[in-house]
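Heads up, the thing below is written out as C-alpha cells.
The values are calculated or read from the model by the stated rules, or taken from the named source; none is laboratory data. Note that this is a predicted model, so its numbers are computed, not measured. Positions of Cβ are backbone-derived with ideal geometry, glycine not excepted, and every protein chain shown enters the neighbour counts. Side chains are part of the model used for accessible areas, which takes the heavy atoms of the whole protein and leaves out ligands, DNA and RNA. Shrake-Rupley method; radii C 1.70, N 1.55, O 1.52, S 1.80 Å.
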Amino acid sequence: MTTNVYSRSELLCRGTDDSDIRAAIRDGHLVRLRRGWYATPEADPDTVAAVRAGGVLACVSALAAHGLWIPPGHDRLHIRFSRHGERAGRWGCHGYGSTLPCAAAVDTVPVALDCAGRCLGREDWIVVCDSALNSTGMSPTELRSQLPACAAHVGRWINDSDRRSQSGTESMVRLRLRALGYAVEVQPEIPGVGRVDLRVGRLLIECDSRAHHTGLDTYCTDRRRDRAALVGRWMTMRLTYSDVVSDWDAVLADIAAIVRRDRHRLRPGRKLPLGVH
Ligand SMILES: [Zn+2]
C-alpha cells in the first residue's frame, strides 16, 4: 500500500535531510500538510485529509486503504489522533489501552482492527477481520497476540473469525446461520465436487461474487461442480451479493425449508458423506 504521505522521521530514515525536504517543497515534489508531515502531489486524498486534520488514517478507513473488503455504509473518514494531537479525546477513533503514537500516515491492520472494535458492529467487524486474516495469512491467535490490550468483546470477535473465508458474503452467511444454531462447515472438500464455501447438512452454499464467477471458464466449472454435487446427492445453493445483503430474510426462509426437509427425510442411523449434523 502506497499513500505517498510521510512523516519527517520516515523521510529522514530514507536518507533525506531537512534541506532536501525544503528543496522538494520548493520544486513542487512535496507538499507540507502540517508540521512534520509531507505528501507528494499524487498522495491518497483520504490520507492527506486525515493528516491535515492532525491525525492519521485509522480504523475502518485504514482497513479500506489496506485493500480489505469493507461492508457498505461505512464511508466516513476515520481518523486517529495521538495523545498530543490537537483534537485528541474530542472526536476521532481510538483503540483500547494506552494511546499509540501516530508513527505512519496509515495505521497497521491490527491497530486499525482494534480501533474498529468501537466503530463496527460484530458482523461487520468479523467480516473485515476474516478478510484481513485471509489476505495476510495471519491466524486469529497471532492477531490476538498483537492486540494485548484489546477489549473483551474484540477478543471474542477474533475467536469467531475464520481466515478460510473467501468473501465478505461468505462470512456474513456463516455468522448469521451459526447465530441461529445451524452447524456450518467452512470450505469443506466435497468428493467429486471440490472445495465449496459452506455446508449445512446436505446443502452446499456457494457465495458467488460477480468478480469471480463471470468468466467462461468459471461458468463451465461451476456447472460441472453443480452436476457432480447432484450425483453425490448434495444440493447446491448459489447466493449473490444482493441475495445476502438485500434479501436475506427470503434466503434464510429457503435455507430453513431445505434443511428442515432434509432432516425429515433422514432415516435414523443412516450415514451421509462427511456426516450431516
Ligand atoms: Zn472508527
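Miscellaneous remarks
- With respect to the conditions (1) within 18 Å of Asn4 (Cα to Cα); (2) open to solvent by 20 Å² or more (accessible area, probe 1.4 Å); (3) over 23 Å from the mean Cα position of the chain (by Cα), Ser98 falls short on a single one, namely (1).
- Pick from the stretch 91-147, criterion touching a strand residue (DSSP E or B) at 6+ places or on another chain (Cβ under 9 Å) and not in a loop (DSSP other than H, G, I, E, B), ranking: farthest from the ligand (Cβ to nearest atom): Val106
- Inside the stretch 31-52, residues that are assigned to a loop (DSSP other than H, G, I, E, B) and over 30 Å from Leu133 (Cβ atoms) make up a count of 5.
- With respect to the conditions (1) part of a helix (DSSP H, G or I); (2) open to solvent by 90 Å² or more (accessible area, probe 1.4 Å), Thr169 falls short on a single one, namely (2).
- Looking across the stretch 148-164 at every residue that is more than 19 Å from Leu198 (Cα to Cα) and away from the ligand (no atom under 16 Å from the Cβ), the one that is most open to solvent (accessible area, probe 1.4 Å) is identified as Arg156.
- Which listed residue, of Glu189, Glu185, is more than 16 Å from the ligand (Cβ to nearest atom), assigned by TED's automatic domain parsing to the domain that holds Val245 and surrounded by 14 or more Cβ atoms within 10 Å (Cβ to Cβ): Glu185
Condition check ((1) under 28 Å from the mean Cα position of the chain (by Cα); (2) modelled with pLDDT under 85) across all residues:
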residue: His213; (1), (2): yes, yes
residue: Thr240; (1), (2): yes, no
residue: Ile255; (1), (2): yes, no
residue: Pro273; (1), (2): no, yes
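- Residues of the stretch 75-95 satisfying the condition of being open to solvent by 20 Å² or more (accessible area, probe 1.4 Å) and at pLDDT 85 or above: Arg76, Leu77
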